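Data first, discussion second: the structure below is written as structure tokens.
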Amino acid sequence: MRKLTRLLAGILAATGLAVAGSTPSAQPASATGTAWSAPRIEYYDPQCGAGQTTIDVYSGGYRGTLLCGTTVTNVYWTDGAVTRQHTFVISPGRSAWNAVHQYRGATTIAATGWKSLGGANLTSSINVTNIPSPGTIDLEGGTTTGGLFCQRLRNNAWSGWFAC
């Protein structure tokens, strides 16, 4: 019962992301100004039960599915009382997925739902290598075949995967 209570407390505290069996290490930074803050990255390693291969991941009201043994990557920015969150996961098919969620306190003000970033044979996490603004993100992901691939978000469009 104590584990369930801690789990539920962590899920409620996450407001923007809930992962069954995972508690985030910190809340999004408090807002301080009228421009987007410097980004903050958090990685989560959800705890899957014995024999479990997938776990549900939520961004706003949208449910996605994460491959057990992989990591959830979140990038947060704040602007005043608004927080913008990009969430990246690896699906059971080993492709990358992204959801964008904006909220004020515990209230969602915008959410995209989950969108495929493509890819194949991705390993344990999506690593963020450069994040100068909420609309500009560089990612990299290793593959089970030993390759390292990158993808870029520019002007609200993803580049597609390419060799780094």
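Within the stretch 44-69, which residues are open to solvent by less than 50 Å² (accessible area, probe 1.4 Å), of a type in the set (Gly, Ala, Ser) and more than 20 Å from SER116 (Cα to Cα)?
GLY49
Restricting to the stretch 113-134, what's the tally of residues that are open to solvent by less than 20 Å² (accessible area, probe 1.4 Å) and more than 24 Å from ASP56 (Cα to Cα)?
Of the residues in the stretch 113-134, 1 are open to solvent by less than 20 Å² (accessible area, probe 1.4 Å) and more than 24 Å from ASP56 (Cα to Cα).
For residues in the stretch 94-110 being part of a strand (DSSP E or B) and open to solvent by 40 Å² or more (accessible area, probe 1.4 Å), which is nearest to GLY160 (Cα to Cα)?
Across the stretch 94-110, the extreme among qualifying residues is TRP97.
So that you can scan it fast, the table gives a plain yes or no per residue for (1) hydroxyl-bearing (Ser, Thr, Tyr); (2) without any contact (Cβ under 8 Å) to a residue 12 or more places away in the chain; (3) over 16 Å from THR73 (Cβ atoms):
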| site | (1), (2), (3) |
| --- | --- |
| ARG94 | no, no, no |
| TRP97 | no, no, no |
| ARG104 | no, no, yes |
| THR107 | yes, yes, yes |
| LEU122 | no, no, no |
| SER125 | yes, no, no |
| LEU139 | no, no, no |
| THR145 | yes, no, yes |
| PHE162 | no, no, yes |
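For the stretch 56-72, how many residues are touching a His at 6+ places or on another chain (Cβ under 8 Å) and closer than 23 Å to ASN130 by Cβ?
1
For ILE41, which of the numbered conditions (1) open to solvent by 80 Å² or more (accessible area, probe 1.4 Å); (2) farther than 18 Å from SER95 by Cβ; (3) at pLDDT 85 or above fails to hold?
With (1) open to solvent by 80 Å² or more (accessible area, probe 1.4 Å); (2) farther than 18 Å from SER95 by Cβ; (3) at pLDDT 85 or above applied to ILE41, the lone miss is (1).
The values are calculated or read from the model by the stated rules, or taken from the named source; none is laboratory data. Quick caveat: nothing in here was measured; it's all calculated off a predicted structure. Here Cβ is always computed from backbone atoms with ideal geometry, including for glycine, and neighbour counts include all displayed protein chains. Quick note on the areas: whole protein, heavy atoms, side chains included, nothing else; ligands and nucleic acids left out. Shrake-Rupley method; radii C 1.70, N 1.55, O 1.52, S 1.80 Å.
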